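Novice: Let me give you the structure first, and then I'll get to my questions.
All of the numbers you see were taken from the coordinates with simple rules; none came from a lab. These numbers come from a predicted model, not from an experiment. Please note: Cβ atoms are built from the backbone with ideal geometry, for glycine as well, and neighbour counts cover all protein chains shown.
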Ligand code: HEC
Ligand code: HEC
């Protein structure tokens, strides 16, 4: 199993661990398990369609790292997105990353673009059935309309690959879907204009899933601690091959002393200013293809965070990828 698959299942395990508590919240009826209406997205509402597929490729391959889970071979996240990677545990059964290529029988060939967008942002499949929260709709719900449509357009443009992907969800997961888990609310819409600004960096780092790994989780529901966004996690689940670093501007325990050039160099080369190589669990090999301005935006956003002192020791002897 790849480290990414361990990430997914461990995250999910932590979500489920808190479900007794969320039962109450669900009963109160935040979302009530209701279905999310299909988004009214069309090329007329998102404006200019020129370059839509190209933008989608950029988001899928370099920003939201879909291939980390959906690639046929997870060691090659840039390969065909025909899925198959299994995530298994007793709370879930076996859930496999879906085939995202447009094959009509085994992939997304028969899905509308609006259905794909809803799956990404809200976590419902084309029948309105809730997807396992391994699929990170918790963060992808922030994706703007145009980017989400671009992603759907890119997936539709791929070469169809025939690959049946079968799930074997267990009863625990079935019950959780009925009573406790619910779709994410769309936060997207119109993101800030693309520019090397903290504002855009905030958007980008969310849809790039940086916060998913770099934010500690806690409390009964093991929800991400949004008061400590990017504070790192010194005691992640044991399956994590590396400890997600503190990315807040704390000078001692975070990246407060890093210049913008340090940050860009680290994301591009996978080597930090101390000379440590980053474990491939950190998807720098994908992120390194982001433009300078996009990486700058993320850096500038991270500078606006409150510095949080949180020592995150590097795990020793991490294999490199
Ligand atoms: C952390 C792993 C992970 C990442 C990253 C991820 N996904 Fe998923 N995704 C999954 C898993 C696992 C499923 C299957 C969930 C299920 O069947 O309940 C899934 C399901 C889906 C589905 C539903 C397909 C179907 O046939 O039901 C779509 C569409 C999808 N993902 C698109 C994307 C896109 C696009 C991206 C990047 C923007 C992405 N995913 C990123 C793990 C991931
Ligand atoms: C799949 C989980 C994951 C995701 C997603 C992720 N990271 Fe990381 N990141 C890590 C881990 C784990 C480490 C520590 C690697 C090590 O110790 O070798 C790390 C290390 C880093 C470092 C080096 C910090 C240091 O002190 O050496 C930076 C910078 C960083 N990540 C930035 C980001 C940014 C920016 C994003 C989003 C664009 C991101 N990460 C997304 C897991 C992740």
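Novice: For the residue pair residue 314 and residue 78, what label-to-label distance in nm results when each label sits 7 Å from Cα along the Cα-to-beta-carbon direction?
Specialist: Taking the two extended label points, one gets 2.5 nm.
Novice: Taking the simple approach of a point 7 Å from Cα along Cα-to-Cβ for both residue 126 and residue 104, what is their distance in nm?
Specialist: 1.1 nm
Novice: Give the order of 180, 143 when sorted by the count of other beta carbons within 10 angstrom, beginning with the fewest.
Specialist: With the fewest neighbours first, 180, 143 line up as 180, 143.
Novice: Same structure again: Quote to one decimal, in nm, the extra length available between residue 170 and residue 271 on full extension: 0.36 nm per residue of separation minus the C-alpha distance between them.
Specialist: Residue separation times 0.36 nm, minus the Cα-Cα distance, leaves 32.2 nm.
Novice: Follow-up question, since we're still on this one. By how many nm would the segment from residue 187 to residue 227 lengthen if fully extended, with 0.36 nm per residue of separation less the alpha-carbon distance?
Specialist: The residue 187-residue 227 span can extend by a further 12.6 nm.
Novice: Give me the one-decimal nm value for the distance between modelled label points at residue 38 and residue 234, 7 Å along each residue's Cα-to-Cβ direction.
Specialist: Label-label distance for residue 38 and residue 234, simple model: 5.0 nm.
Novice: In what order do 228, 185, 75, 289 fall by count of nearby beta-carbon atoms within 10 Å, going from fewest to most?
Specialist: Ranked by crowding around the Cβ, least crowded first: 75, 185, 289, 228.
Novice: Given a Förster radius of 22 Å and the C-beta distance between residue 49 and residue 261 as r, what FRET efficiency does 1/(1 + (r/R0)^6) yield to the nearest 0.05?
Specialist: 0.05
Novice: Tell me, 284, 258 in order of fewest to most beta-carbon neighbours within 10 Å?
Specialist: 284, 258
Novice: Could you tell me the calculated FRET efficiency between residue 178 and residue 86, based on Cβ-Cβ distance and R0 = 22 angstrom, to the nearest 0.05?
Specialist: Efficiency, rounded to the nearest 0.05: 0.40.
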